[in-house]
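**Q** Take a look at the following structure, please.
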Protein chains: 2
Amino acid sequence: MPHSYRYPRAALTVDCVIFGYDTEDLKVLLIQRDSPPFEGRWALPGGFVDVGEPLEEAARRELKEETGVEKVYLEQLYTFGDDVKRDPRERVVSVAYYALAKLSDHRVQAATDARNAAWFQVADAPSLAFDHDQVLEMALTRLKGKVRYQPIGFELLPPKFTLTQLQRLYETLLEASLDKRNFRKKLLAMGLLEELDEIEQDVAHRAARLYRFDKRAYRDLQKRGLHFEL
Amino acid sequence: MPHSYRYPRAALTVDCVIFGYDTEDLKVLLIQRDSPPFEGRWALPGGFVDVGEPLEEAARRELKEETGVEKVYLEQLYTFGDDVKRDPRERVVSVAYYALAKLSDHRVQAATDARNAAWFQVADAPSLAFDHDQVLEMALTRLKGKVRYQPIGFELLPPKFTLTQLQRLYETLLEASLDKRNFRKKLLAMGLLEELDEIEQDVAHRAARLYRFDKRAYRDLQKRGLHFEL
């Protein structure tokens, strides 16, 4: 088939920002590069898109190949291609995806193309290869924006949780500390939480009441949106 | 310089969804294609990215070349590349941008690569070439989302406006009719509007009070965000 565009072409890559939540911290999944450029440096999982491969499929393939992680809900973040020198080899445009997953659901294992793969605390992440610091920064900003406009926690918390666990989740994602009374008042006012007739088991401190999400209210609020004012 | 990726590559394009508001309608800027594929069909302005050209610059260049329109605030919308057959010629990945502009600020003129360029009412837009119907749909959804989370109108309304004009703007962008009393109550509660000691001039109906945006409150609300519940 004749090509529609007869001039030199940029190379196309995908990169994945996978956040993992583990009740304490927000982590990010990184790989250590095993070839130049930036050999030995940490980077986001990703790689070149095959000419016949859908973009999101390429992102899933690279993620699995490099880290063993699969079955995450990827959302497209942004396409990085304004800085034509972002890859020292040649012009490379990269479509970035991001996801927020429960850390305990995803064991990592380095595979092809990567020397090593590991979860890092976002706050302690090393300086990354290429423009990946910028990509990570944008993903964090997007995540925080999402937290303010959409209910979260359904997949990240256990089915029954305490209000303290829920507050810790919000505080971790927003990297901010929240006033306890205010937080509870707002969350309860959303009509999202169902108070259970159960309390925590086997805890050293005073056992707290357990809650779960009202699935219907949760889905409804996902559609309508909200505004969580800090 | 040796290429880092030695395999066939997708072609890369940019497409622009430019919305224009004219106090009555929401319009979209389209061009008529002057060559195959889809010769004669209407499409979004756009075209191939040069290998050394930043993405957003390519979008601005194509927009100007095909329609004469320039100086709009482009935001990246989404990169279309999951359907590998979206262009019948070969694999083409397209980075889409969108903008909302005041119609009267932008005269269109068809130029290179386009037979014709014109503003269409969004509601009456013809069926478009490629997957551009989908691109337009996504831009509309994004625009409506934005309206609910960010103050709008600063660039779209005259410096002094009536509450009716402001309501019409929201109704047009949201494609919904809003309850007058409720709308006014909410808007005034945001602290965004400054009531002026002036009324409309030269109108046949009873002259209404004029308002303007409080610039500081407007910028502050842009940062903090809001939630405009319909």
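The values are calculated or read from the model by the stated rules, or taken from the named source; none is laboratory data. The shown structure was predicted, so the numbers you read here are calculated from the model rather than taken from an experiment. For neighbour counting, all protein chains shown are included, and Cβ atoms are generated from backbone atoms with ideal geometry for every residue, glycine included. To get the accessible areas, we keep the full protein, side chains included, count just its heavy atoms, and leave off ligands, DNA and RNA. Shrake-Rupley method; radii C 1.70, N 1.55, O 1.52, S 1.80 Å.
**Q** Could you check, for the stretch A:130-152, whether at least one of its residues is in contact with a Phe, Trp or Tyr (Cβ under 8 Å, 6 or more places away or on another chain) and at positive phi?
**A** So far as the stretch A:130-152 goes, yes, one or more of its residues are in contact with a Phe, Trp or Tyr (Cβ under 8 Å, 6 or more places away or on another chain) and at positive phi.
**Q** Please count how many residues of the stretch B:72-87 are without any contact (Cβ under 8 Å) to a residue 24 or more places away in the chain and within 19 Å of residue B:143 (Cα to Cα).
**A** Residues of the stretch B:72-87 without any contact (Cβ under 8 Å) to a residue 24 or more places away in the chain: B:76, B:79, B:82, B:84-85.
This time we only want the ones that are within 19 Å of residue B:143 (Cα to Cα), so: B:76, B:79.
Summing the residues that are without any contact (Cβ under 8 Å) to a residue 24 or more places away in the chain and within 19 Å of residue B:143 (Cα to Cα) in the stretch B:72-87 gives 2.
**Q** Same structure again: Criterion first (within 14 Å of chain B (Cβ to nearest Cβ) and buried (at least 16 other Cβ atoms within 10 Å of the Cβ)) does residue A:21 satisfy it? Please lay out each step first, then the result.
**A** Values: within 14 Å of chain B (Cβ to nearest Cβ): no; buried (at least 16 other Cβ atoms within 10 Å of the Cβ): yes.
When the stated conditions are applied, residue A:21 does not pass them.
**Q** Same structure again: For the stretch B:41-55, give me each residue that is open to solvent by 30 Å² or more (accessible area, probe 1.4 Å), touching a residue at least 12 places away in the same chain (Cβ under 8 Å) and out of contact with any Leu (no Cβ under 6 Å at 6 or more places or on another chain).
**A** The answer is B:41, B:48.
**Q** Hey, among the residues in the stretch B:56-70 that are touching a residue at least 24 places away in the same chain (Cβ under 8 Å) and within 14 Å of another protein chain (Cβ to nearest Cβ), which one's most open to solvent (accessible area, probe 1.4 Å)?
**A** B:56
**Q** Which of the numbered conditions does residue B:44 fail, given that it passes all the others? Conditions: (1) of a type in the set (A, V, I, L, M); (2) closer than 29 Å to residue A:54 by Cα; (3) touching a Ser or Thr at 6+ places or on another chain (Cβ under 8 Å); (4) more than 13 Å from chain A (Cβ to nearest Cβ).
**A** Against the list (1) of a type in the set (A, V, I, L, M); (2) closer than 29 Å to residue A:54 by Cα; (3) touching a Ser or Thr at 6+ places or on another chain (Cβ under 8 Å); (4) more than 13 Å from chain A (Cβ to nearest Cβ), residue B:44 comes up short only on (3).
**Q** Within the set of pairs 6 or more residues apart or between chains, which connect a residue that is facing chain B (nearest Cβ under 9 Å) and over 12 Å from residue A:139 (Cα atoms) inside the stretch A:88-108 to a residue that is crowded, with 22+ Cβ neighbours inside 10 Å and of a type in the set (S, T, N, Q) with Cβ atoms less than 7 Å apart?
**A** If the second residue must be crowded, with 22+ Cβ neighbours inside 10 Å and of a type in the set (S, T, N, Q), the pairs left are A:92/A:13; A:93/A:79; A:95/A:79; A:95/B:79.
**Q** Still on this structure, I have one more. Among residues belonging to the stretch A:198-225 that are open to solvent by less than 30 Å² (accessible area, probe 1.4 Å) and in contact with a Pro (Cβ under 7 Å, 6 or more places away or on another chain), point out the one that is nearest to the other protein chains (Cβ to nearest Cβ).
**A** Restricting to residues being open to solvent by less than 30 Å² (accessible area, probe 1.4 Å) and in contact with a Pro (Cβ under 7 Å, 6 or more places away or on another chain), the top hit is A:221.
**Q** In addition: Looking at the stretch B:136-154 only, could you name the residues that are buried (at least 17 other Cβ atoms within 10 Å of the Cβ), part of a helix (DSSP H, G or I) and more than 13 Å from chain A (Cβ to nearest Cβ)?
**A** B:136, B:139, B:140, B:143
**Q** Can you confirm whether residue A:38 is out of contact with any Lys or Arg (no Cβ under 6 Å at 6 or more places or on another chain), open to solvent by 10 Å² or more (accessible area, probe 1.4 Å), under 19 Å from residue B:55 (Cβ atoms) and hydrophobic (A, V, I, L, M, F, W, C)?
**A** no
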